[in-house]
Amino acid sequence: MTDNEKIKPQTDFAFKLMTWLYRTYDLIHNTKQDLKKIPLEEVTTVVDYGCGPGRYTLPVAKFVGAKGKVFAVDIHPLAIKTIKGKAARESLTNIEAILVDYYDTGIQDSSVDLVLLIDTLPLIKDYNTLFQEMHRILKQNGYIFIEHSRIKMSRTREIVEITGLFTVIKCQGHHMLAVPKARK
């Protein structure tokens, strides 16, 4: 990989501002209600891709418990530092924070039940590479859960389907659920 291919994270100031905005948003919005829209029932291994300050990472880690694992993946060092600090304060040992500078997570092939892409897709520059990585790490019966409100759902569906790697099985409001197509 060349330096040109590396993804540059937002500034520390922008990350801190985003974290503050999420905290403010969460005061009026019930994130726990959003968790009910995610198919967590029989999930044990989750990737929170673009985890940011861990709004979903920590609640999902609590849900999957000791039998499960959550990989918190982000390009920003402050995100990783924040996740590690929160996990330590809450004694959550089932979270592994991964700092990336490209789309490759380093997670084992076909080992993940669910990938969360929450408020992440609008920030992605290379959809094909992202979805190739998601397809690689997901189990054949796994899911991608996408949530955001900054791109129309029709455009999100187009982005997911144009890769040819996933089938969209549900779209509702700002939420989408997709499954991987068979590996060739």
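The values are calculated or read from the model by the stated rules, or taken from the named source; none is laboratory data. Just so it is clear, the structure is predicted and the values come from calculations on it, not from any experiment. Counting neighbours? That spans all protein chains shown, and the Cβs are built from the backbone with ideal geometry, glycine included.
Results, tabulated for the structure shown:
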| item | result |
| --- | --- |
| Options D104, D113, D109; residue that is part of a loop (DSSP other than H, G, I, E, B) and under 16 Å from the mean Cα position of the chain (by Cα) | D104 |
| Where I137 falls short, out of the listed (1) hydrophobic (A, V, I, L, M, F, W, C); (2) surrounded by fewer than 19 Cβ atoms within 10 Å (Cβ to Cβ); (3) in contact (Cβ under 8 Å) with a residue 24 or more places away in the chain | (2) |
| Failed criterion for L130 (all others in (1) surrounded by fewer than 19 Cβ atoms within 10 Å (Cβ to Cβ); (2) in a helix (DSSP H, G or I); (3) of a type in the set (A, V, I, L, M, F, W, C) hold) | (1) |
| Of all residues in segment 60-81 being under 13 Å from the mean Cα position of the chain (by Cα) and either not in a helix (DSSP H, G or I) or not small (G, A, S) (or both), the one that is surrounded by the fewest Cβ atoms within 10 Å (Cβ to Cβ) | I75 |
| Qualifying position, being over 27 Å from G173 (Cβ atoms), hydrophobic (A, V, I, L, M, F, W, C), at pLDDT below 90 and outside any helix (DSSP H, G or I), among I98, I7 | I7 |
| Output for segment 78-91, where each listed residue is over 14 Å from L116 (Cβ atoms), out of contact with any Pro (no Cβ under 7 Å at 6 or more places or on another chain) and not basic (K, R) | L78, I80, G85, A87, A88, E90, S91 |
| Of all residues making up segment 91-120, the number that are touching a Lys or Arg at 6+ places or on another chain (Cβ under 8 Å) and either within 24 Å of R150 (Cβ to Cβ) or among the charged types (D, E, K, R) (or both) | 7 |
